[in-house]
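See structure below.
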Amino acid sequence: MERTTIDLWFGAFVTAGFAALLVLALKVGNLGAERANETYRVEARFDNIGGLKVRAPVRSAGVLVGRVFDIRFDNDRYQANVTLALDKRYTFPKDTTASVLTSGLLGETYVGLDAGGDEKKLVAGDRITITQSAVVLERLISQLLFSKAQEGPANGANPGGAGNGGEAAKPAAAAPAAAAAPAGAAKK
């Protein structure tokens, strides 16, 4: 009888663990059950969307205001066309800006909206014209390394740092001492 009770508790524990993993997987994949709100769709064009995916959040001031509905590549402009499904409870001015952002260093990629000051509001089918593409960390690192490689030999070869073998610093240091001597001689 005691063995059966232990087996029952063990089974319940394992089942609860699997349920917790399922809930976590749905949360991470943005597939959790959400309220079905009415939405309106607007488009935005980006040069680079980084790791943005369909169903990624659209946030404004940190608040979830919609989801990415569709992502397509425009063969004529060589840009990504992103369709955003925004909740009808939230209205934005026509001069709203859209940016592809990342929460944290390695967090999820999402679209951030910054409201403008226009009195006219975005409606279904409009396009957000002011956009900022994703900042790709790998590209930034490679640009930094490339720029350091370009300036490295020029600074490292000359210990004086001025490009004249260190001679440029000597006259500049001697000049204030020479200027101070005549001033002292005038007091005598």
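The values are calculated or read from the model by the stated rules, or taken from the named source; none is laboratory data. The structure presented is a predicted model; accordingly, all values stated were derived computationally and were not measured. Here the Cβ positions follow ideal geometry from the backbone for every residue, glycine too, while neighbour counts run over all protein chains shown.
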- prompt: Picking from THR91, THR131, THR83, THR102, which residue would you name as being among the hydroxyl-bearing types (Ser, Thr, Tyr) and touching a residue at least 60 places away in the same chain (Cβ under 8 Å)?
  reply: THR131
message: Could you tell me how many of the residues in segment 82-102 are of a type in the set (S, T, N, Q) and either crowded, with 17+ Cβ neighbours inside 10 Å or in contact with a Ser or Thr (Cβ under 8 Å, 6 or more places away or on another chain) (or both)?
response: 4
query: How about segment 128-142: which of its residues are outside any loop (DSSP other than H, G, I, E, B) and either surrounded by 14 or more Cβ atoms within 10 Å (Cβ to Cβ) or of a type outside the set (D, E, K, R) (or both)?
result: ILE128, ILE130, THR131, GLN132, LEU137, LEU140, ILE141, SER142
- request: Return the residue satisfying two criteria in turn: it lies in segment 17-75 and is under 14 Å from ALA85 (Cα atoms), modelled with pLDDT of 90 or more and among the small types (Gly, Ala, Ser), and of such residues it is surrounded by the most Cβ atoms within 10 Å (Cβ to Cβ).
  value: ALA44
